[in-house]
Amino acid sequence: MALPVVLEVIKGPQRLPADVKLKEMLQGKLRMMQVDGTKVNALFMEMSAHVISIDSDENIIFVGFKTFEEIWKFSTYWATGFLGHCMENLLFDEKFWLSSLEENFAIEVSIQEETLNLIYKGILMQEGSLFASCSADQIFDSCTSGRDLYLEQGDIAHFEPPFLGSGWTVLSLSDGARGTAPTPALEPVIPFHQWVLKSCAESILVGGGKPTCDFPLQFARGSCLATVEYDAESPEELSIAPGDRIIIVGLLVSCFDWFTGRKEVTGEVGLVKTSLVKPSTDIHDQANVFEEEEWIFSLQEDKVIEEAIALLKKKSQNDAGHNYILDIYSSQDSEKKPSLSSSCKIDTPQTDLKKNMQGFLDQGKDSSDLIVTMKGTLEDLFMPTEAKDPSPPCFTVYPTVEGNINNENFVPLFSFLDGQECKAEFGVLYGLSSELLTSTTFSGHSDEEELIAFLGLAREAAMKKQLVWPQTRLCFLLVMERLAALLLGIPDCLESLEDNSVLKYILKKAVLSRNKTAEARACYLLAKHYWTDRAERAQAVPYIERLLVLSAEAQRPWKISLSHGYLTLAWLYSELCLYHLSVSSARRASLQPCARLSNCLISMVLVLDNGNKLCGITEQKASIAPQVAPFLHLSFTKVQEGGRTQCHVLRHQLALCLCQLFYKHKMVEHAIHQMHMLINNSPPLKEVPIYLPERNSALIWLAWLHIENNQPDVALDILDSVLSTMPEHCTTPQEGVVLNMRGVVLRYMGDLQRAAESYQAAVDICEEYEDLSNWAVAQANLGLLWLNVGAKGLAQRHLTEAVQLFSELDKGHEANFIIVLLELGQHYLKQQQIYYGKGCYEWALLLAINANLLDCQLTATRNLCNLYRFETPHQAQCIIYSEHQVQLLRRKGDREQEGDALEAINHLYIILGTDRAYRAALDYTKSSLGIFIDLGCREKEAFAWLQAGKIYHLLGQTELVDLYVEVAQGVAMKTGNNIFILKLLEAAGDIFFNSCQDRDKAITFYKDRALPIAVTCNSIHTRLRLCNKLTEVMFSLKLYGAAVEFAQTALDISISQGVHLNERVAYHRLASLYHCLKQYELAEHYYLKTLTQCPTPLQFDEETLYYVKVYRALGDILFYDLKDPFDAAGYYHLALAAAMDLGNKRSQLELCTRLATIYHNFLIDRELSLFFYQTARGLAAELNVRRIDISPDKHYSSISQYKTTGKDHKIN
């Protein structure tokens, strides 16, 4: 059975459904996972589930389970909200994390709990045994005693399913009794309790009797009253009488048989049975059992801030204050360059910005930089400084004599145990097992019984001497139940506990009594116990998880830092290589209301570390991932509340990191807004530990952002302000940075002279300091500037010098080097220096490959593709580089561009025109088709189906053509876009229109499918095109009568548009059709109408040739069909005149021959006949034509002539 996991994108705290765009994004991501499920499978494996299938249309992932532990883990992750956060990290793209900082989008995960419960029960039955609670009172046949086993409703017991018809076997956990029943009424306990009970040793699991106490409060503080008389049975117990007031020491937990109490009258301390007391008036329910507790670790905020600053400085890659910016935008592009973001309004007036900048620059001019370096690891932030475990002194055990107590024997022990304050050694003493207690702390005894007797006498002596604290502490060295009460009520005893059996006993008691508060307390103690031991720290995970689940289910909030709890889990998950869970838990920690700045910073560090591990990014190449943006934003918000020096430095680094993330994902206005927030809200301090060059760097970066945002005037003001802070009598490298960027701004504004001067000043500073890398950039900027103004010689010289400088540099500057090479290569191509241009492109590609710069490789590869496609056509080279481009896009993960590139390769192979090339094209088309299906790109998918059908048509596999074309049509119909449907239907018809086979099928697509939609959409141009195509294909199929209708429609549309060329084509087609239909007068009429649309005077030889053909066609109609040689001769004369003007001797030969025939046989003009005959003979001699026949041919008609020379009468 599979569990459906339903996903839904929600918005805001009201958890409203998101818009259609986000829903489509979610469906698209799920479609991709249907094809490649590697990531989603890995995620659910980490979540202890197995993906079975994905339904992208319904946003459902079906998962299965193999063991009950997997169900326990999965349900825990769902209950804590980890599952939803994991799905967000998997499904949301990088830019989403930045664009949704204020909008609060999330993925809500819902599951069918009934289905999960059925799966859980089925797995338990398969495993053969389970712990379950009785759903009704029932009796079992006893297997161990003579009486029947009776279990009440709610009792938890161990059940084993029937084997070979023997019936169910049950084990009572209260007393170990066994029984059988055919069909017991039971309900399995929840998976966590199942795991707890199955992991308990039998000595802990079985025994202890049923909880019989009916004390009304689960956890109580204050005092209570004794209800019956009780005589102590051992020294550690209190004797009480009815009405005695007992003050509760620590907590009274109702599910335990004992609690620690002190008699108000005598001050005696000992164990009291919970069932023997009732609440007094001053007792109260201690619902929050963590009131006086801290978490299992404490964070030192100053240390966390210091480490966060160091990490952010290390990860941030803002070098705007040190490295020159390469100006890669031409002025033409900059004028048309749109704003990269419009969702974040920048509302700081320019005058206010200047004022704030000046204040920002004036801060602490004489201050030195606060140098911060990373001193520790993430683990150091969680772990306190380790101290050597204290050890209690060793005590001598003296022989005991009944009735004779020697107090001097107990003086060292009483001295050690006395006092109200808790000593660290007490925790060690309480934590020792009985064996270690016997062998290490006490000596002089023969066995454990002798030690217990000695401790009993010591307690009795302390009670007589009214030594309250020694008496109390001695009580808890004797019995597990009493130690359990101590640990649950007085947490100081937990430190250095080596044996967890007592804690597991506490948890078992809490589970069996259904006391969730006690269960939470027990989970907390177990987690704290395991946390203290590095080797067993991972075993704390299930208890922390359960504690967080119980906290979420609690009716009233507990006074415990849940943010610390989630952080602890995040760190432990990271240690266990569960990176998805670590990132999700860290996010939950930062979202808690109790989260402080230190919590948010550690969450950020965890996400940064584990996010990179998820992506397989090494420590050296790691940068700040977009998933960290919410943590940066939240930390930036919280850090404004602090006034410490470190907080200002941290705020500066957080703002820069957020700004860089925005810029990297082309959200420039958001980046500017973030920098304005930093500058406008700068603290009014005389000394801020951010030294001036670093502040200058931030402003230089802001100037560049304003350049990117089409605000060069603002950028220039910022740079001038920075320049004013530079020393007057000496130059600095940072001054060169400012001057170079001023050149960029001035070039952007069109002030080319000042830009050149600024660039040259930057070059001089680089030359002074021998800064080769920035020198190369400045030379390149000069070259690009001269290239922009058309000074090609100067541009080539500066660009060549820049290339020379770049080639001398070590690694680290390849990106700029590649850009310069590509610009220089483009310059060479424009100068028709193909060889040098190709060399620059190939050099750029090799550099990009060597430096592993994926985007640069893509740019260089695209340039080479265009080179071999347009500049110097070479089909094979173009295919090679196009295939390399596909591999790069696949590495980049840009599926849509990969599909487009595959389509381009498919067209290249089709051009080759061989069967082998067609089959290769088909493979690429199918690959792109799969991508478009996965991405949900309906329009591209439809055309990919159509392209596959076209290739099958070229291969002659006609049986598959119709199938693919129909599928393409179906996909197009689903888009609901009539314009697109019309475009695809026309393209489908073109497959048959442009072929020699099955041309009649084109009529179906044009006439029956596309044309009605074109009429509905009122697409005039498409209607005209379709009518012309229908006329042409019907003409070729000799459907002349049907073609006339569409030719006439084409003519009407052309006349309404007033385009003379279209009218001429329409008239010509109608004339040709009527000629074939033997309606010669109409044919003559439309041919003459065609000539009226020709331009006068004639400008091109093609227009004159058209006159020749039309007049010759008119002459043929009049001479052969209408039998009017006189008018025919007139048309032939006009055609001959046009042919002579054109100088087309072959046309002159044909026309002179026909005129000679007419004048010799019909008009009987011997002189003209002889003239045209002799002229024809002369032309024939020139054209090497052997014979001229001027005899009348009664069987020759213009129609047969038209059919044999039809190409002369068609205008496409």
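The values are calculated or read from the model by the stated rules, or taken from the named source; none is laboratory data. Remember, predicted model here, so these are calculated numbers, not experimental data. As a convention, Cβ positions derive from the backbone with ideal geometry for all residues, glycine included, and neighbour counts pool all protein chains shown. These area figures cover heavy atoms from the full protein model, side chains too; ligands, DNA and RNA do not enter into them. Shrake-Rupley method; radii C 1.70, N 1.55, O 1.52, S 1.80 Å.
THR1175 fulfils the conditions (1) assigned to a helix (DSSP H, G or I); (2) open to solvent by 60 Å² or more (accessible area, probe 1.4 Å); (3) polar (S, T, N, Q) except for a single criterion, (2). Of all residues in the range 776-808, those satisfying the criterion of being more than 22 Å from PRO712 (Cβ to Cβ), open to solvent by 50 Å² or more (accessible area, probe 1.4 Å) and either assigned to a helix (DSSP H, G or I) or in contact (Cβ under 8 Å) with a residue 60 or more places away in the chain (or both) are LYS792, GLY793, LEU794, GLN796, ARG797, THR800, GLU801, GLN804, SER807. Scanning the range 703-756 for residues that are assigned to a loop (DSSP other than H, G, I, E, B), over 28 Å from HIS665 (Cα atoms) and either open to solvent by less than 20 Å² (accessible area, probe 1.4 Å) or free of Cβ contacts under 8 Å to residues at least 40 places away in the same chain (or both) yields MET726, PRO727, GLU728, HIS729, CYS730, THR731, THR732, ASP751.
What are the residues in the range 587-605 that are touching a residue at least 40 places away in the same chain (Cβ under 8 Å), more than 17 Å from ALA552 (Cα to Cα) and part of a helix (DSSP H, G or I), if any? Across the range 587-605, the qualifying residues are LEU597, SER598, ASN599, LEU601, ILE602, MET604, VAL605.
Residue by residue, here is whether (1) open to solvent by 30 Å² or more (accessible area, probe 1.4 Å); (2) on the phi > 0 side of the Ramachandran plot; (3) β-branched (Val, Ile, Thr); (4) modelled with pLDDT of 75 or more holds:
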position: VAL628; (1), (2), (3), (4): no, no, yes, yes
position: LEU632; (1), (2), (3), (4): no, no, no, yes
position: GLU641; (1), (2), (3), (4): yes, no, no, no
position: LEU656; (1), (2), (3), (4): no, no, no, yes
position: CYS659; (1), (2), (3), (4): no, no, no, yes
position: ILE672; (1), (2), (3), (4): no, no, yes, yes
position: HIS676; (1), (2), (3), (4): no, no, no, yes
position: LYS686; (1), (2), (3), (4): yes, no, no, no
position: ILE690; (1), (2), (3), (4): no, no, yes, no
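Does at least one position in the range 896-912 carry a residue that is part of a helix (DSSP H, G or I), acidic (Asp, Glu) and more than 26 Å from THR859 (Cβ to Cβ)? No, the conditions are met nowhere in the range 896-912.
Could you please let me know if SER203 is among the polar types (S, T, N, Q) and in a loop (DSSP other than H, G, I, E, B)?
Numbers: among the polar types (S, T, N, Q): yes; in a loop (DSSP other than H, G, I, E, B): no.
It is false that SER203 is among the polar types (S, T, N, Q) and in a loop (DSSP other than H, G, I, E, B).
Among the residues of the range 244-264, the ones that are within 13 Å of ALA226 (Cα to Cα) and either in contact with a Pro (Cβ under 7 Å, 6 or more places away or on another chain) or surrounded by fewer than 17 Cβ atoms within 10 Å (Cβ to Cβ) (or both) come to 1 in all.
Residues that are small (Gly, Ala, Ser), more than 27 Å from ILE818 (Cα to Cα) and free of Cβ contacts under 8 Å to residues at least 40 places away in the same chain occur at least once in the range 937-951. Return a yes/no flag: does the range 1182-1195 have any residue that is assigned to a helix (DSSP H, G or I), without any contact (Cβ under 8 Å) to a residue 24 or more places away in the chain and open to solvent by 30 Å² or more (accessible area, probe 1.4 Å). For the range 1182-1195, residues assigned to a helix (DSSP H, G or I), without any contact (Cβ under 8 Å) to a residue 24 or more places away in the chain and open to solvent by 30 Å² or more (accessible area, probe 1.4 Å): absent.
Can you name the residue in the range 911-929 that is surrounded by 18 or more Cβ atoms within 10 Å (Cβ to Cβ) and among the hydrophobic types (A, V, I, L, M, F, W, C) and is also farthest from CYS878 (Cα to Cα) among such residues? Taking the candidates together, the pick is LEU929. For the range 75-83, the condition holds for no residue, the condition being that it is open to solvent by 10 Å² or more (accessible area, probe 1.4 Å) and farther than 19 Å from TYR566 by Cβ. Within the range 842-854, being open to solvent by 10 Å² or more (accessible area, probe 1.4 Å) and touching a residue at least 12 places away in the same chain (Cβ under 8 Å) holds for GLU842, TRP843, LEU845, LEU847, ASN850, ALA851, LEU853, LEU854.
Kindly indicate whether any position in the range 567-574 is in a helix (DSSP H, G or I), over 27 Å from the mean Cα position of the chain (by Cα) and either surrounded by fewer than 24 Cβ atoms within 10 Å (Cβ to Cβ) or β-branched (Val, Ile, Thr) (or both). Quick ask: steps written out before the conclusion?
Looking only at the range 567-574, we keep the residues that are in a helix (DSSP H, G or I), and these are 567-574.
Next, from what is left, pick out any that are over 27 Å from the mean Cα position of the chain (by Cα): none.
No.
Which residues, taken from the range 1017-1035, are assigned to a helix (DSSP H, G or I) and surrounded by fewer than 16 Cβ atoms within 10 Å (Cβ to Cβ)?
Restricting attention to the range 1017-1035, the residues satisfying the condition of being assigned to a helix (DSSP H, G or I) are 1017, 1020-1035.
Answer for the range 1017-1035, where residues must be assigned to a helix (DSSP H, G or I) and surrounded by fewer than 16 Cβ atoms within 10 Å (Cβ to Cβ): CYS1017, ILE1020, HIS1021.
Return yes or no: is ARG1146 open to solvent by 40 Å² or more (accessible area, probe 1.4 Å), basic (Lys, Arg) and more than 30 Å from ALA1066 (Cβ to Cβ)?
Numbers: open to solvent by 40 Å² or more (accessible area, probe 1.4 Å): yes; basic (Lys, Arg): yes; more than 30 Å from ALA1066 (Cβ to Cβ): no.
Spelling it out, it is not the case that ARG1146 is open to solvent by 40 Å² or more (accessible area, probe 1.4 Å), basic (Lys, Arg) and more than 30 Å from ALA1066 (Cβ to Cβ).
Per the listing ILE818, ILE849, ILE910, the residue uniquely within 30 Å of LYS940 (Cα to Cα) and of a type outside the set (S, T, N, Q) is ILE910.
Is one or more of the residues making up the range 87-108 at pLDDT 85 or above, more than 23 Å from ALA570 (Cα to Cα) and part of a loop (DSSP other than H, G, I, E, B)? Before the answer, list the steps.
Taking the range 87-108 first, the residues at pLDDT 85 or above are 87-92, 106-108.
Filter once more, so that each one left must be more than 23 Å from ALA570 (Cα to Cα): none.
Within the range 87-108, not a single residue is at pLDDT 85 or above, more than 23 Å from ALA570 (Cα to Cα) and part of a loop (DSSP other than H, G, I, E, B).
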